[in-house]
Amino acid sequence: MDFSNAAVLVLIGLVVLRGILIGVGAALILRAVPECPACFAPATFLLQRRWLRRLLPMVEWRFCPQCGWQGPSKRQPGDASVPRPVSKPEAQPFEEPGGPRY
Ligand SMILES: [Zn+2]
């Protein structure tokens, strides 16, 4: 391995380390937002962001209907607004009363 390859690996490592440090810092300062931080409205609503749930399951996106604020929030474990997965009901075959007609 020559010097240029080692330099590239060090630079890539520094970029990855910076990403990890930014993620840890953001996770430490992110807090739960049960009320709006802008207008102190008593309730904010959960917005569904599939990409966010898949990428960061501990983070949710909240919306304030009074002032329009939107922002990330730390998910609360007992939050009632967290949607639970709903299983689809199995399709029931359609049966005509009196049996099938051919
Ligand atoms: Zn608000």
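Just so you know, all these numbers are worked out from the coordinates, no wet-lab data involved. From a predicted model like this one, the values you see are computed outputs, not experimental measurements. Cβ placement follows ideal geometry from the backbone for every residue including glycine, while neighbour counts extend to all protein chains displayed.
Within the stretch 33-79, the only residue that satisfies the criterion of being acidic (Asp, Glu) and in contact with a helix residue (DSSP H, G or I) (Cβ under 8 Å, 6 or more places away or on another chain) is 60. The set of residues in the stretch 32-70 being away from the ligand (no atom under 16 Å from the Cβ) and among the basic types (Lys, Arg) consists of 49, 50, 53, 54.
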